[in-house]
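Chemist: Take a look at the following structure, please.
The values are calculated or read from the model by the stated rules, or taken from the named source; none is laboratory data. The structure displayed is predicted, hence computed values, not measured ones. As a convention, Cβ positions derive from the backbone with ideal geometry for all residues, glycine included, and neighbour counts pool all protein chains shown. Ligands, DNA and RNA are stripped out before the accessible areas are found, and what is left, the full protein with its side chains, is counted by its heavy atoms. Shrake-Rupley method; radii C 1.70, N 1.55, O 1.52, S 1.80 Å.
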Amino acid sequence: MRLPTALLLFFFLLPSAALAQGDTRITFLGRQLEKGRDPRARSQAALVLGATEDPEAVPPLCGALKDPSELVRAAVAKGLGALLEPGGLDCLQAVKGEADATVQAAVAESIKAIKAYQARRPRFYLSLDAVKDKTGSVPADLVKVTEARLRSKLVRRGALMAPEKESKAAAKGALKKLGVHGYRITAEIQATDSGGLRLAILCMTYPEQSLMGQVEVNAAGAPPADLLKALIPRAIEEAAATFDWSSET
């Protein structure tokens, strides 16, 4: 395992068309899916939303399961299956009685895919604290979005999330059954001297809560929503490498 010392990774993001595709991209695709005149264009928007790996894509996709076009509804079902978010499973299960055979098949396939994803063997067990905004200036809804994205990326990394307020005995029992390591992480949004944002992740063992260390990633040169979206995967990569998140006990 690499030494659990505090790491600092700096990178600066310049305003660009690619960077501006953060939340704006989801909004644009959602609008295309809802109001596009051509069913083919709406279907394409649904498939692209499914490929974003962003939990913010769930609401527009779920809403489009009622689209009048069978082509669009099938694409939406496939998009939710690709997204692999729990909220998408709830929406798909609610339309299992879909009349169109093609759409019904897409719904069933996506439900199967999400359930298989949820049932896969975890690489580690993780207790995630609520994301804290230490800047005092990040909107509350953006903090919640950041936490949802962090959670989603961690699950994709192989984490099984521990229940809230889990007892120490229950945590030890789960770890013994799963045969994996347990960690607790606290993420904070902090301001940098350059006017940018820092995402700091403090990691401890779980459930003993022995301090392992902290990683930090900084970014500047873009709106907070874009900075935070870019910081999340980098912070997780640093944490996974630094703290050696694995399934070996």
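Chemist: Using a Cα distance threshold of under 24 Å, what count of lysine pairs results for the stretch 60-200 when pairs must be 8 or more residues apart or interchain?
Modeler: Total qualifying Lys-Lys pairs in the stretch 60-200 comes to 29.
Chemist: Here's a follow-up. So how do LYS176, LYS96 rank on accessible area, 1.4 Å probe, biggest first, that is with the largest at the start?
Modeler: Solvent-accessible surface, decreasing: LYS176, LYS96.
Chemist: Further question: Under the 0.36 nm per residue contour assumption, what length would be gained going from the current alpha-carbon distance of LYS112 and THR192 to full extension? Intermediate results must be reported in sequence, preceding the final value.
Modeler: On the way: separation 80, 0.36 × 80 = 28.80 nm, distance 4.42 nm.
Residue separation times 0.36 nm, minus the Cα-Cα distance, leaves 24.4 nm.
Chemist: Still on this structure, I have one more. Report relative contact order for the chain in percent, whole number only (criteria: Cα-Cα under 8 Å, sequence separation at least 6).
Modeler: Details: 439 pairs, mean separation 58.3, N = 249.
With pairs under 8 Å counted, the relative contact order is 23 percent.
Chemist: Which of the listed residues, PRO122, CYS91, PRO68, is farthest toward the dipole's positive end in the stretch 58-128, when Lys, Arg count +1 and Asp, Glu count -1 at the beta-carbon?
Modeler: Checking the options against the dipole of the stretch 58-128, the answer is PRO122.
Chemist: Something else: Among the Cys residues of the chain, which have no other cysteine Cβ under 4.7 angstrom away?
Modeler: CYS203
Chemist: Of GLN190, GLY158, SER137, whose Cα points farthest to the positive end of the dipole of the stretch 132-199 (charges on the beta-carbon: +1 Lys, Arg; -1 Asp, Glu; origin at the Cα centre)?
Modeler: My answer, from the dipole projection, is GLY158.
Chemist: Can you give the charge dipole size of the chain about its Cα centre, rounded to the nearest 20 debye, using +1 on the beta carbon of Lys and Arg and -1 on the beta carbon of Asp and Glu?
Modeler: 560 debye
Chemist: When the accessible area of the chain is split by element with a 1.4 Å probe, what percent falls to carbon and sulfur? Before the final figure, lay out the partial values.
Modeler: Values: 6930 of 12680 Å².
The computed percentage sits at 55.
Chemist: Follow-up. Before rounding to the nearest 500, sum -39500 (n - 2.57) across all DSSP H runs of length at least 4 in the chain and divide by the residue total; then give [θ] at 222 nm in deg cm²/dmol.
Modeler: Dividing the helical sum by the residues of the chain leaves -15500 deg cm²/dmol.
Chemist: What does the extension gain come out to for GLN93 and LYS132, with contour length at 0.36 nm per residue minus their alpha carbon separation? Please list the in-between numbers first.
Modeler: Details: separation 39, 0.36 × 39 = 14.04 nm, distance 3.36 nm.
Length difference between fully extended and current span is 10.7 nm.
Chemist: How much length would be gained if the chain were fully extended between ARG234 and LYS35, taking 0.36 nm per residue of separation minus their Cα-Cα distance, in nm to one decimal?
Modeler: In short, 68.2 nm is gained.
Chemist: With point charges of +1 on the Cβ of Lys and Arg and -1 on the Cβ of Asp and Glu, referenced to the Cα centre of the stretch 204-249, which listed residue (ILE232, ALA220, PHE243) lies farthest in the positive direction of the dipole?
Modeler: ALA220
Chemist: Also, quick follow-up: With every protein chain present, what accessible area does ARG184 have (1.4 Å probe, heavy atoms only), rounded to the nearest 10 Å²?
Modeler: 60 Å²
Chemist: Kindly report, to the nearest 10 Å², the accessible surface of THR24 as traced by a 1.4 Å probe over protein heavy atoms only.
Modeler: Its heavy atoms expose roughly 90 Å² to the probe.
Chemist: Rolling a 1.4 Å sphere over the protein heavy atoms, what is the accessible area per residue of the stretch 129-238, to the nearest Å²?
Modeler: Using a 1.4 Å probe on heavy atoms only, each residue of the stretch 129-238 averages 46 Å².
Chemist: Here's something else I'd like to know. Mind giving me the nanometre distance, one decimal, between the label points for LEU71 and LYS177, set 7 Å out from Cα along Cα→Cβ?
Modeler: 4.7 nm
Chemist: Please list, in order, the residues from the stretch 153-192 whose amide nitrogen is less than 12 Å from a point placed 7 Å along the Cα→Cβ vector of ARG121.
Modeler: What the label zone holds, given the 12 Å backbone N cut-off, is 178-180.
Chemist: Simple spin-label model, 7 Å along Cα-to-Cβ: THR52 to PHE28 in nm?
Modeler: The two pseudo-label positions are separated by 1.1 nm.
Chemist: Could you tell me which label, among (1) 0.92; (2) 1.00; (3) 1.10, carries the value of Cα Rg over 2.2 N^0.38 Å calculated for this structure?
Modeler: (3)
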